[in-house]
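Colleague: Below you'll find the structure I mean.
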Amino acid sequence: MTSDETPASQTVLDVLNKTADYFKQKGIANARLDAQILLAHCLGMKRLDLYLNFDRPLAEGELARCREIVKRRGRREPLQHILGTWPFRELQLKVDKRALIPRPETEVLVDLVLKAWPLEKPGVAVDLGLGSGAIALSLMRERRNLQVYGTEVSPEALDLCRENAALSDLAADGFFLGSLFDPLPADLRFDLIVSNPPYIGRREIAGLQPEVRDWDPALALVGGEEGWELPFEIMARARQRLRPGGHVFLEVAPGQIPILMQQAEAQNWVFCGFSKDWSDNPRFIHLTL
């Protein structure tokens, strides 16, 4: 269904098929899935319920709401922004232009962190670059024995993170505005340092998908001219803030793994390794002191 169609009567299946075709024309990946999710959202039902209502005609008010949503997605506004919330592990996070949309790969990062720390052992963790709060709030929700801190350089993103903390009934007392370790007490040491930092090179921005290039904040994307500069800075500074036996976990671009691993080995970490994401791409660096 395009934004300028005004049929006398359209069924759920009619609208679904036309929307999926329209999204394909706009170059949207997973066009039919996006159409299903948005139509279900517009009609206030679950996606699977669409199949039980294929023959139901839509009222004009429903069609008008669907047209507006379809128009927004056709402009390549992210699906998550249109819905307003998005699931991440055990959380339902508010998402908008203030912070990076949480990615499925980052769920794997949280899983790696949790597997590295004994279930009942108390510890102190920090998330560098809170964004929406996906990592820090997941650690707080899933490991009550961890004291979790976080920093965020963007005031707008920090506001969103605090809103998500309130929505999840979690405290945001340990979240601070500032870059990396700078706003944290100088004598504070950590057992776990985790970050999904900006790691895209400045020259790569133009080639990104519109949903990323035009809607995610540049501050959350660009890690330097080459992209690996900020992850490297975190690695260099983490040694002074980590307790003996502590862990560092970073999510980076797959192509950056060789140069960052080379730098890590030169820094004489006790352990340097990497893990792959769900697509079998090397993406996560694991260091121990």
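Colleague: Restricting things to Cα coordinates, could you compute the convex hull volume per residue of region 138-199 in Å³? Spell out each step's value before the answer.
Modeller: Details: hull volume 6.1 nm³, N = 62.
In region 138-199, the Cα hull volume divided by residue count equals 98 Å³.
Colleague: Oh, and also: Could you work out the Kirkwood radius for region 29-135, taking every pair of different alpha carbons, averaging 1/r and inverting it, reported in Å? Mind showing how you got there, number by number?
Modeller: Details: mean 1/r = 0.0608 Å⁻¹.
About 16.4 Å, per the Kirkwood formula over Cα pairs.
Colleague: For the chain, give me the percentage of DSSP beta bridges that are antiparallel, rounded to the nearest 5 percent. Each step should come with its number before you reach the end.
Modeller: On the way: 16 of 35 bridges.
Once the DSSP bridges in the chain are tallied, antiparallel ones form about 45 percent.
Colleague: Give the calculated FRET efficiency between Thr85 and Lys276 to the nearest 0.05, with a Förster radius of 25 Å applied to their Cβ-Cβ distance. Could the numbers behind the result be given before it?
Modeller: Working: r = 29 Å, r/R0 = 1.14.
That pair, Thr85 with Lys276, gives E of 0.30.
Colleague: Ok, one more. Specify the inter-centroid distance of region 81-121 and region 171-215, based on alpha-carbon positions, in whole Å.
Modeller: Here the two parts' Cα centres lie 14 Å apart.
Colleague: Follow-up question, since we're still on this one. From the phi of every residue in region 240-246, what ³J(HN,Hα) in whole Hz does the Karplus formula 6.51 cos²θ - 1.76 cosθ + 1.60 yield, where θ is phi - 60° and glycine or proline is x?
Modeller: Karplus values, whole Hz, x for Gly and Pro: 7, 10, 9, 6, x, x, x.
Colleague: Does a label point 7 Å from the Cα of Ala59, set along Cα-to-beta-carbon, have any residues of region 65-96 with amide nitrogen under 19 Å, and which are they?
Modeller: Under 19 Å, as judged by backbone N against the label point of Ala59, lie 65-69 of region 65-96.
Colleague: Gln209 to Thr288: extension gain in nm, 0.36 nm per residue of separation minus the Cα-Cα distance?
Modeller: On the way: separation 79, 0.36 × 79 = 28.44 nm, distance 3.49 nm.
Here the segment from Gln209 to Thr288 would lengthen by 25.0 nm.
Colleague: Also, quick follow-up: Multiplying the sequence separation of Lys121 and Met261 by 0.36 nm and subtracting their Cα-Cα distance, what value in nm do you get? Walk me through the numbers on the way to the answer.
Modeller: Numbers: separation 140, 0.36 × 140 = 50.40 nm, distance 2.87 nm.
The Lys121-Met261 span can extend by a further 47.5 nm.
Colleague: Show log10 I(q)/I(0) for region 12-75 at q = 0.13, 0.25, 0.30 Å⁻¹, two decimals, from a solvent-free Debye sum over equal Cα scatterers.
Modeller: So the normalised log intensities are -0.29, -1.09, -1.48.
Colleague: What does the convex hull of the Cα atoms of region 233-289 come to per residue, in Å³, rounded to a whole number? Can you show the working numbers first?
Modeller: On the way: hull volume 4.0 nm³, N = 57.
In region 233-289, the Cα hull volume divided by residue count equals 71 Å³.
Colleague: Jot down the radius of gyration and Dmax of the chain, Cα atoms only, both in angstrom.
Modeller: 21.4, 71
Colleague: Which residues' amide hydrogens lie under 5 Å from the amide hydrogen of Thr85, considering only partners 5 or more residues apart or on another chain, with H built in the peptide plane?
Modeller: The list, which skips near neighbours in sequence, is Val95.
Colleague: State to the nearest 20 debye the size of the charge dipole of region 144-287 about its Cα centre, where the only charges are +1 on K and R beta carbons and -1 on D and E beta carbons. Don't skip to the end; give the middle numbers.
Modeller: Details: 12 positive and 21 negative charges, 113 e Å.
It comes to approximately 540 debye.
No value in this document is a laboratory result; all are computed from the given coordinates. Predicted model, so just to flag it, every value in this text is computed and none were measured. Methodologically, a virtual Cβ is constructed for each residue, glycine included, from the backbone with ideal geometry; neighbour enumeration extends over all protein chains shown.
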